[in-house]
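Visitor: Mind looking over this structure? Questions follow.
Since every read-out is calculated from the coordinates, none of them should be taken as a lab result. All of these numbers come straight from a predicted model, not from anything done at the bench. Counting neighbours? That spans all protein chains shown, and the Cβs are built from the backbone with ideal geometry, glycine included.
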Amino acid sequence: MSDAGAGALLLLGLLLFAAAYSWLKSQRDRPDEGWLPREIADGELAFAEKRFESKRLGLVARLDRAYRQGGELHLVELKTRGYYAAHASDAIELSVQRLVLQEETGERVSSVAYVAVKQHGQGQPRAIRVDLFDENEVLAMRRRLLELRRGQGHAPSPTARRKACDTCGHRAVCQSTFGDRQ
């Protein structure tokens with residue numbers, strides 16, 4: 001074999017090695033997301049742990065994940081809980097994220113999202129699909145919240161689920177109205 005042929009063969013071997021190394025490294029560095037729903041499993045991670053702001057709506061959102069798939073962004077909220085469930089508060093949070101992300105990026109954001117719930121001490125999270133509220137519904141909830149903070153409108157009633165009170169941002173207001181529910 002000539003020196004030119006041996007050099008070409010060596011160069012080809014180095015290129016193959018570099019390509020294989022690069023592929024293996026990308027697979028190792030990529031988190032295991034086998035839990036993602038089928039609809040977005042092949043999507044590209046577009047945003048992770050990023051803050052967005054809508055000046056027009058006066059809303060701020062910090063999203064956990066957004067995947068680009070099928071010409072739109074799909075939101076995923078990561079939660080750790082003692083049980084598998086998505087709450088109305090999750091749908092509200094994701095709905096705000098949708099509005100803010102759509103306005104700031106100009107990209108279409110899906111009207112459904114996923115709450116990925118990982119149970120304490122368990123392995124993979126489980127994705128739960130949630131339908132999101134539209135802009136009018138989100139803005140109505142925002143108006144209601146601002147009214148309550150100003151002491152206007154009818155007072156809220158305590159939740160039937162006592163544990164929900166433990167982490168509620170309005171606990172002090174309810175305690176002054178309804179007393180300690182513990």
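Visitor: Once you sort the root eigenvalues of the Cα gyration tensor of the range 44-151 as a ≥ b ≥ c, which label holds: rounded (a/c under 1.5), prolate (a/b larger than b/c) or oblate (the other case)? Write out the running numbers ahead of the final one.
Guide: Numbers: a/c = 2.07, a/b = 1.24, b/c = 1.67.
It is oblate, given that a/c is not under 1.5 and a/b is not larger than b/c.
Visitor: Which of the peptides 101-109, 133-141, 67-75, 89-97 is most tightly packed, and how do the rest follow, going by the mean number of other Cβ atoms within 10 Å of each residue? Write down the numbers at each step before the final one.
Guide: Values: 101-109: 15.6, 133-141: 13.9, 67-75: 18.4, 89-97: 20.2.
My ranking of the peptides, most packed first, is 89-97, 67-75, 101-109, 133-141.
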